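Here the structure is laid out as structure tokens; the discussion comes afterwards.
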Amino acid sequence: MTRKAAFQKSRFHINWQIVPTAALGVLAMSLAAMAQVTTPLQGEQVISGTSGGSQASSCGFVSDRPVQTVRVTEAFTSLRFRVEGGGRPTLLILGADGSVKGCARATNLSNGVIEASGAWERGNYSVFVGDLERGSRHPFSLTIVQN
């Protein structure tokens, strides 16, 4: 299955538009500047940002870029992801093939806190912090811990 087909299957759609060449260079530099988290982790990793985005996914509305990428180098690594933020945050984790590996949503009782943990296979994962409401954007803190 192609990456595009995997995205469509997971209901994560990217609407590609024609982008001027200069903008592509800026995008490439900003993606290269984002550090990848690699296991084994040396303590907890904390990432701050703004939730939400314009891309509809099976796990709320997310940005077209992940807030973090995680490279798991060992088989079955135990990781815990915790999001604290305003609004109704969501946590979407995609595998290298674009398939949904994790989705967690805030509830009315969670006060904007989401946790997802488990054993993760070796590979690369893209982590998105979204929101259940279209156009809703709030500050968040994402903490990744290896158990």
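The values are calculated or read from the model by the stated rules, or taken from the named source; none is laboratory data. None of the values given here were measured: they were computed from a predicted structure. Reconstructed Cβ throughout: ideal geometry from the backbone, glycine too, with neighbour counts over all protein chains shown.
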Residue tally, condition crowded, with 18+ Cβ neighbours inside 10 Å, in contact with a helix residue (DSSP H, G or I) (Cβ under 9 Å, 6 or more places away or on another chain) and either of a type in the set (Lys, Arg) or at negative phi (or both), over segment 58-99:
1
For Thr90, state whether it is touching a residue at least 60 places away in the same chain (Cβ under 8 Å), part of a strand (DSSP E or B), polar (S, T, N, Q) and in contact with an Asp or Glu (Cβ under 9 Å, 6 or more places away or on another chain).
no
When you go through Ala22, Ala6 one by one, which is the residue that is surrounded by 13 or more Cβ atoms within 10 Å (Cβ to Cβ), assigned to a helix (DSSP H, G or I) and at pLDDT below 95?
Ala6
Among the residues of segment 108-134, which ones are under 18 Å from Thr69 (Cβ atoms), buried (at least 21 other Cβ atoms within 10 Å of the Cβ), within 12 Å of the chain's Cα centre (by Cα) and not β-branched (Val, Ile, Thr)?
Tyr125, Phe128, Gly130
